[in-house]
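Just so you know, all these numbers are worked out from the coordinates, no wet-lab data involved. Given the structure is predicted, the values throughout are model-derived calculations rather than measurements. In this analysis, Cβ positions are derived from the backbone assuming ideal geometry, glycine residues included, and neighbour counts consider all displayed protein chains.
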Amino acid sequence: MTETCHKIIMGLHNFLKEYIHGFWDYETPKVMVVKNRTLGVIYRGVQFLVITYFIWYVFISQKAYQESETRPESSVYTLMKGSAIHGDEILDTVEYAQPSEGGDVISTILRREFTFNQRQGTCAEHFNVANANCTTDSDCVEGEVNFSGHGRRTGRCVQYYNHTFKTCEIQSWCPIEEYAVVREPPLEEAINFTVFIRNSIHFPKFKVLRGNIKDARNKRDIKRYLNKCHYDEERDPYCPIFRLGYIAAQARENFSELCNTGGVIGVFINWKCNLDLDPSHCKPTYSFRRLDLRKDLPDAGYYYRFAKYYSKDGEETRTLIKAFGIRLDIIVHGHAGKFSPIPTIISTVTAMTSVGICTIICDWIMLTFIDKNEVYSERKFDEVIKEPTNPIPTELSYINSFGSNHSDLSDGVPL
């Protein structure tokens, strides 16, 4: 037992001694010329890929020589315009836009469902509500509230309006919506409604403020321009007025289907500014995408309810309105960059350092797949314990025309 412990201690002692002595060793690269066409092609190919990546992607595409800002300050103002004839009614902005003017969210009503003359009272619960169907009063619990239903149960089992079956009676606004709803046709003319989107963006780091409205000499020219323009990516890219039909088409949605179910569409304003150029070149681009659940899901679409209250026969009465429409969410992204020496130096040093990967890859290929007889490895790694007083002659050493000392392993090595 004592002898075993002694061996372990001595082994640990020798390991620490060699580690401490080796810690102070100095390693330096050795230049070795390997005249192997396959290895040379791999080396130059990897070099080409690394250099191309840094020149094309890092410097040209990503502009790594620039200082950037990705959190600009932005403001959005929206305004809906248009009028439509719906039956005998003339609908204007106040009727269909919620709100008629606002910030980064605005919606328009495309279809309505009305429940007229609702009053506080008792009536039959809808038969699709859980545990609403009954045969006797004992099936209904007085005071119970089903949050997927319409009100509080009275404990009575009553006939469901003009039908033969019965449901539990509730205290609520009666009649309930599912029974008495009146649906009106969609507002197809809304396809020509317009949305004015004014956006300004500020990059505080570079002290640059830009807007998405075309520059003009005076307010009169701007107003005249806005009164006749509609946004088009090619013909009129600086007009901030969009048709609802154009927005739906760009989001790849059918406007008639949106009229029936409603939907939420994101309007993305993207500012990508290269401030090495004049700030007038900093212009927005627009993209559109539907944000809500798709139409094949049960909760798809966009709708909300509101009521109009009035007094009838001295009793408070309301008209419940379920409105289906398009909601536009304006989402602004901004990125600005400008030349700066610090990121330029960092990116350049990183590129130069990364070229060293080529040597590591080729050394691994050479020592793993090509050096079958370990001729390369014997020349690749040398250990010098003491500087020799006389030069050691070798048949593999020569001085080329430039005076540098190399190891040439082109002869005598089976490849």
Practice task
Please work out the Kirkwood hydrodynamic radius for the stretch 126-175, using every pair of different C-alpha atoms, and report it in angstroms with one decimal place.
Solution key: 10.6
Problem - Loop-exposed GluC sites (Glu not before Pro) per DSSP, neighbour cap 16 Cβ within 10 angstrom, longest uninterrupted part of the chain - result: 235-373
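Can you give the longest run of the chain that contains no trypsin sites (Lys or Arg not before Pro) sitting in a DSSP loop with at most 11 other Cβ atoms inside 10 Å?
That gives 31-206 as the longest site-free run.
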Exercise for the section: Translational diffusion coefficient, Stokes-Einstein: compute it for the stretch 301-359 using the Kirkwood radius over C-alpha pairs as Rh, at 25 °C and 0.890 mPa s, and state it as an integer in µm² s⁻¹. Expected result: 132
Practice task
Step through the table entries LYS228/LYS283; LYS214/LYS338; LYS205/LYS272; LYS81/LYS308; LYS63/LYS205, compare each Cα-Cα distance with 19 Å, and write down the pairs that go over it.
Solution key: LYS228/LYS283; LYS214/LYS338; LYS81/LYS308
Problem - Within the chain, helix-based [θ] at 222 nm, where runs of 4 or more DSSP H residues each add -39,500 (n - 2.57), nearest 500 - result: -7000 deg cm²/dmol
Fill in the blank from the handout: Calc'd 3J(HN,Hα), the stretch 229-242, phi into Karplus 6.51 cos²θ - 1.76 cosθ + 1.60 (θ = phi - 60°), Hz, glycine/Pro = x, comes to 9, 9, 4, 8, 4, 9, 7, 9, x, 9, 9, x, 10, 10
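Which of the DSSP-defined H helices in the chain satisfy a minimum axial length of 27 Å, computed from C-alpha atoms, and a minimum mean Kyte-Doolittle hydropathy of -0.5? Don't skip to the end; give the middle numbers.
On the way: long enough: 2-23 (31 Å, -0.01).
For the chain, where a helix must reach 27 Å along its axis and average at least -0.5, the hits are 2-23.
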Practice task
Would you mind counting up the charge near VAL145? Only other residues with Cβ under 12 Å from its Cβ, with Lys and Arg at +1 and Asp and Glu at -1.
Solution key: -1
Practice task
Multiply the residue separation of VAL145 and GLU257 by 0.36 nm, subtract the distance between their alpha-carbon atoms, and state the gained length in nm to one decimal.
Solution key: 36.8 nm
Handout entry: Of ILE269, TYR57, ALA300, farthest towards positive along the dipole that unit charges on Lys, Arg, Asp, Glu beta carbons give the chain
Key = ILE269
Exercise for the section: Report which label in [x] 24.4; [y] 30.5; [z] 22.3 holds the value of Kirkwood radius over Cα pairs in Å derived from the coordinates of this structure. Expected result: [y]
Fill in the blank from the handout: Calc'd 3J(HN,Hα), the stretch 121-137, phi into Karplus 6.51 cos²θ - 1.76 cosθ + 1.60 (θ = phi - 60°), Hz, glycine/Pro = x, comes to x, 10, 7, 6, 6, 5, 6, 7, 6, 4, 6, 7, 6, 8, 10, 9, 4
Practice task
Report the local net charge at LYS338: Lys and Arg +1, Asp and Glu -1, summed over other residues whose C-beta lies under 15 Å from its C-beta.
Solution key: +1
Fill in the blank from the handout: Lys and Arg at +1, Asp and Glu at -1: neighbours of VAL267 with Cβ under 10 Å from its Cβ sum to -1
Problem - Residue-by-residue Karplus 3J(HN,Hα) for the stretch 175-186, coefficients 6.51, -1.76, 1.60, Hz, glycine and proline x - result: x, 6, 4, 4, 7, 10, 5, 10, 9, 9, x, x
Completion exercise
For the stretch 126-175, the dipole about the Cα centre with charges only on Cβ (Lys and Arg +1, Asp and Glu -1), to the nearest 20 debye, works out at 100
Exercise for the section: Quick one: which residues, 5+ away or cross-chain, put their amide H under 5 Å from the amide H of HIS86? H built at 1.01 Å from N. Expected result: LEU91
Handout entry: Gained length - LYS228 relative to ASP363, 0.36 nm times residue gap less alpha-carbon distance
Key = 41.7 nm
Practice task
Set the Förster distance to 35 Å, then compute FRET efficiency between ASP221 and ILE90 from the Cβ-Cβ distance, nearest 0.05.
Solution key: 0.60
Problem - Two-site label geometry, LYS81 and THR348: point separation in nm, points 7 Å out along Cα→Cβ - result: 5.3
Practice task
Rounded to the nearest Å, what's the spacing between the alpha carbon centres of the stretch 255-284 and the stretch 131-206? Just the number, please.
Solution key: 35
